[in-house]
Amino acid sequence: MARRPSSSGGDFQVSSSFAGVDTLVEQFKLAPKAVVHYLRLEMARYAMRAKAAAASNIQSKSGRLAANLYTRVSADDDQVTVELGVRGVPYARIQEEGGRIRAHRIFPRDRKALAFLWMRRSGTGIRFAIARQVLPSVNHPGATIRAKNYISRAIEQTRAEFMESVEKAVQSGMNEASRLTGRSSS
C-alpha cells in the first residue's frame with residue numbers, strides 16, 4: 001500500500017495493488033461450476049437422507065406412500081434443485097397438507113358390485129368372518145384428514161444436515177477451483 005501526497009497539499013490518497021489478481025479472477029470464474037458440481041453431489045446424498053426421514057414419518061398399513069417417495073436433484077449453471085415428493089399416490093397431498101373429503105358415492109372400478117367381508121377378532125387374535133355384503137355402490141360420508149406433514153417434517157428434521165452439506169459443497173468447490181488455478185484457498 002502506498003500513500004502519496006495529493007496536489008492540494010494536506011490531503012493524501014491511498015492506493016493498493018494486489019499480486020496475483022489474474023489468478024484470483026480465474027479462480028472466481030471456475031468457482032461457480034465447481035461449487036455447482038459439489039452441490040449436486042452433496043444434495044444427492046442429502047436427498048436420500050431426507051427421503052429416509054420422510055419414510056420414517058409415514059405411518060401407514062400398506063406402505064404405499066413410503067414406497068412411492070422419490071428424490072430428484074437437477075442442476076444448471078447457477079442453481080441446484082432438490083425435489084422430494086410422492087408419485088402415483090392420489091391421496092399423498094391430502095396426507096401431507098390435510099384437508100376435507102366431500103361426501104360422495106363409491107362405485108366399483110372393474111366389477112358389477114362392491115363386496116365387503118366384515119371381520120371380527122377373537123380374544124386370541126384369530127380373525128373370523130361374521131358377514132359378507134355385496135353392494136352396487138356405497139355412500140362415503142366425507143371426512144376431515146389432519147395434516148401428517150411427513151415431508152415437511154423430514155425437511156425440518158434434516159435442516160442441519162442440509163446446511164452442513166451446502167457448506168461442505170461450497171468449500172469443496174472453492175478448493176477445486178483453487179487447485180485448478182494452482183493456488184490454495186484458506
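Here is a list: 145, 155. Which entry is within 13 Å of the chain's Cα centre (by Cα) and at pLDDT 90 or above? Show your work before the answer.
Details: 145 fails: within 13 Å of the chain's Cα centre (by Cα).
Exactly one of 145, 155 is within 13 Å of the chain's Cα centre (by Cα) and at pLDDT 90 or above, namely 155.
Could you check how many residues of the range 39-94 are within 18 Å of residue 150 (Cβ to Cβ), assigned to a strand (DSSP E or B) and not hydrophobic (A, V, I, L, M, F, W, C)? Even if it seems obvious, please write down each step before you answer.
To start, the set of residues in the range 39-94 that are within 18 Å of residue 150 (Cβ to Cβ) comprises 46-72, 82-94.
Applying the additional criterion that residues be assigned to a strand (DSSP E or B) yields 69-72, 82-86.
Those left that are additionally not hydrophobic (A, V, I, L, M, F, W, C): 70-72, 83, 85.
Residues in the range 39-94 being within 18 Å of residue 150 (Cβ to Cβ), assigned to a strand (DSSP E or B) and not hydrophobic (A, V, I, L, M, F, W, C): 5 in total.
Test each condition in (1) touching a Ser or Thr at 6+ places or on another chain (Cβ under 6 Å); (2) touching a residue at least 60 places away in the same chain (Cβ under 8 Å); (3) under 21 Å from residue 172 (Cβ atoms) for residue 45 and report the one that comes out false.
Failed condition: (1).
Test of understanding: among 165, 178, which residue is farther than 23 Å from residue 62 by Cα and modelled with pLDDT of 85 or more?
165
Those residues that are within 19 Å of residue 95 (Cβ to Cβ) and assigned to a helix (DSSP H, G or I), I need them from the range 133-172; list them, please.
If the condition is that a residue be within 19 Å of residue 95 (Cβ to Cβ) and assigned to a helix (DSSP H, G or I), then 150, 151, 152, 153, 154, 155, 156, 157 are the ones that fit.
One line per residue, one yes/no per condition, for (1) assigned by TED's automatic domain parsing to the domain that holds residue 180; (2) exposed (fewer than 10 other Cβ atoms within 10 Å of the Cβ); (3) modelled with pLDDT of 90 or more:
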position	(1), (2), (3)
39	yes, no, no
44	yes, no, yes
53	yes, no, yes
58	yes, no, yes
69	yes, no, yes
81	yes, no, no
114	no, no, no
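In this structure, is residue 90 at pLDDT 90 or above and over 30 Å from residue 152 (Cα atoms)?
Working: at pLDDT 90 or above: yes; over 30 Å from residue 152 (Cα atoms): no.
Taking the combined requirement at face value, the residue does not satisfy it.
Within the range 97-108, can one find any residue that is surrounded by 10 or more Cβ atoms within 10 Å (Cβ to Cβ), within 15 Å of the chain's Cα centre (by Cα) and over 30 Å from residue 32 (Cα atoms)?
No, because not a single residue in the range 97-108 is surrounded by 10 or more Cβ atoms within 10 Å (Cβ to Cβ), within 15 Å of the chain's Cα centre (by Cα) and over 30 Å from residue 32 (Cα atoms).
The values are calculated or read from the model by the stated rules, or taken from the named source; none is laboratory data. The shown structure was predicted, so the numbers you read here are calculated from the model rather than taken from an experiment. No Cβ is skipped: glycine too gets one built from the backbone with ideal geometry, and neighbour counts run over all protein chains shown.
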